[in-house]
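These notes are about the structure you will find just below.
Values in this text are rule-based calculations from the coordinates and carry no lab data. Small disclaimer: the values here were computed from a predicted structure and weren't measured. Here Cβ is always computed from backbone atoms with ideal geometry, including for glycine, and neighbour counts include all displayed protein chains.
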Amino acid sequence: MKSAVETLNPTRVRLTVEVPFEELKDSLDAAYKKINQQVTVKGFRKGKIPARIIDQRFGRGAVLEEAVNDALPKFYTEAVNEGELNVLGQPDVDITELKDGELLSFTAEVDIRPVIEIPDYSGIEVVVDSVEVSEEDIQKSVEQLRDRFASTNPVERAAADGDVVTLDLEAKVDGEVLEDGVASDVSYTIGSGELLDGIDEAVTGLEAGGEATFTSELKGGSAEGKPSEVTVKVKSVSARELPELDDEFAQMASEFDTIEELRADSRKRLESMKQYDQATQAQERVLEELLKLAEVPIPEKLLADEINTRKHNLEHHQLGQMGLDLAKYLEIQGKTEEEFEAETKEQAEKGIKTQFILDELVNKEKLNVNQEELTEHLMRRAQSSGMSPDQFAQAVVEGGQVPMLVGEVARGKALAVVVEAAKVTDTNGEAVVLDDDEDDETAETTAADAPESSGGDVEAAPAAAADAEAGDKAADKGETEA
């Protein structure tokens, strides 16, 4: 076999392959054997039909088609390996010549990973938010905890903001009560915004037994989105009472004995959260600067596939679970379809560029992933997915996604290398030193913004070359040139 590689552009090549006919012998033998098992000829036992009889009865072209379909993946893979190509996706194969007994020639156009020059990233400088926990932040955290331990007690007065009311609701559209428009004993906190628009104004000032009618757009049910006349009746009013912020509260709501210990723990937790946010911010901004420095061409088909996959995942998975379609989602987001398309394309380009350049850094820096790092990453991914580590690990193995996880960890380590070399300061002008463990963890998360079309990895598929089109062309060539 002889092969040659022609570069069409930085992300696509054309392979030209010539195969002497004797190298098709194994595939021809396999073709005759397969056809033998599928057909019946009077006077011959099944599987024992001579090759010449098969040629006479069914045509040499059928045999050549079967043989070429069997042989193409093997010769394509050999040509890819010979050319030392890092291919992406499926090739477009064209049989250019098939002379029975003499020669098989074909071309295969396929996308490849571009050659990327890693820029000098040592001069990258970014500014991130400072880690500052104010007394106001601490008080807000403690108040949120206090709110969770609030009690409610019935009162005989008009309902006010913050009160908990028990309501009966009836919704009408065009004067008709909806089948799913009646609800009883609904508990609602005034001011929470968790029910219909306008309900706060309607019930505020009403005592138990009071009733009001207002107009609102329904947020769900059979008449979702339609204006409705809603009648609300207040059955009871309860006031929420917050516990005193004292040592007794600290002992009830936490593991601490005093309110000061509780406040100190709140400060510590808030600082930890802000440090994590700061590390994530540093990763994202360093990555943005790195992508600006690098020239990363993107294969057109890969980009189109990635855009389609992102749109499919949004429409059929994320929005589907929320009961929304794309039009409603865009309305809520305040975006036009053109803006959505442009944003999706930008995200897809960034994801592909991120993977390409970080993979190149992994190779350049000779970064490896050990079992401990992979296990830690798997645990984090399992936690974020809501699955147990065992369930997640089983799903990963069964889905053949272990290389994907390894790639995420390796890219995270590559990004951490760049961040370590960058100058990171906070808004106060202070140098930021990121903790190594936190650095690696946030880098993995940031670097995981890769193509969705293949679960985070752009996979090569060199052996899947023999498509039906190539088989049809092989049959045509075999019949006309045999």
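Key figures for this structure:
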{"quantity": "Tilt relative to the chain, helix 371-385 - C-alpha long axis, 0 to 90 degrees, to 10", "calculated": "60 degrees"}
{"quantity": "In region 225-319, GluC sites (Glu not before Pro) in a DSSP loop with at most 14 other beta-carbon atoms within 10 Å", "calculated": "244, 255, 295"}
{"quantity": "Cα-based helix-to-principal-axis angle, 468-481 vs the chain, degrees rounded to 10", "calculated": "10 degrees"}
{"quantity": "Relative contact order (percent, whole number), region 151-241, Cα cutoff 8 Å, 6+ residue spacing", "calculated": "42 percent"}
{"quantity": "In sequence order, calculated HN-Hα J values of region 80-90 (Karplus, 6.51, -1.76, 1.60; Hz; x Gly/Pro)", "calculated": "4, 5, 5, x, 6, 9, 9, 7, 10, x, 8"}
{"quantity": "Relative contact order computed over region 199-345 (Cα-Cα under 8 Å; 6+ residues apart), in percent", "calculated": "11 percent"}
{"quantity": "Interchain or long-range residues, amide H under 5 Å from residue 86's placed H", "calculated": "113"}
{"quantity": "FRET efficiency for residue 365 and residue 156, using Cβ-Cβ distance with R0 set to 51 Å, rounded to 0.05", "calculated": "0.10"}
{"quantity": "Computed Rg/Rh of region 153-206, alpha carbon atoms with Kirkwood Rh", "calculated": "1.01"}
{"quantity": "Cut-off 15 Å between beta-carbons: net charge of the residues surrounding residue 323, Lys and Arg +1, Asp and Glu -1", "calculated": "-3"}
{"quantity": "Cubic angstrom per residue, convex hull over Cα atoms of the chain", "calculated": "256 Å³"}
{"quantity": "Residue 14/residue 275 FRET efficiency (R0 51 Å; Cβ-Cβ; nearest 0.05)", "calculated": "0.50"}
{"quantity": "Rounded to whole Hz, the Karplus (6.51, -1.76, 1.60) HN-Hα couplings of region 428-433, x for glycine and proline", "calculated": "8, x, 8, 5, 9, 10"}
{"quantity": "Rg and Dmax [Cα atoms of region 156-291; Å; Rg one decimal, Dmax integer]", "calculated": "22.9, 65"}
{"quantity": "Residues with amide H under 5 Å from that of residue 12, placed H, sequence gap 5 or more", "calculated": "112"}
{"quantity": "Histogram of C-alpha separations across region 230-320, 10 Å bin width, %", "calculated": "12, 15, 18, 18, 20, 14, 4"}
{"quantity": "Contact order relative to length of the chain, as percent, for alpha carbon pairs under 8 angstrom and 6 or more apart", "calculated": "22 percent"}
{"quantity": "Per residue, the convex hull volume that the Cα atoms of region 278-447 enclose (Å³)", "calculated": "161 Å³"}
{"quantity": "Set of lysines near residue 226 by C-alpha distance (under 29 Å), chain-local residues within fewer than 8 positions excluded", "calculated": "172, 235, 311, 328, 335"}
{"quantity": "Point-to-point label distance, residue 182-residue 257, nm (Cα→Cβ direction, 7 Å offset)", "calculated": "5.9 nm"}
{"quantity": "When each of 268/350; 34/301; 301/413; 301/353; 292/366 is checked by Cα-Cα distance, pairs over 26 Å", "calculated": "268/350; 34/301; 301/413"}
{"quantity": "Residue 240-residue 315 pseudo-label distance in nm [points 7 Å out on the Cα-to-Cβ vector]", "calculated": "4.1 nm"}
{"quantity": "Long-range HN-HN contacts of residue 100 with modeled amide H, under 5 Å", "calculated": "482"}
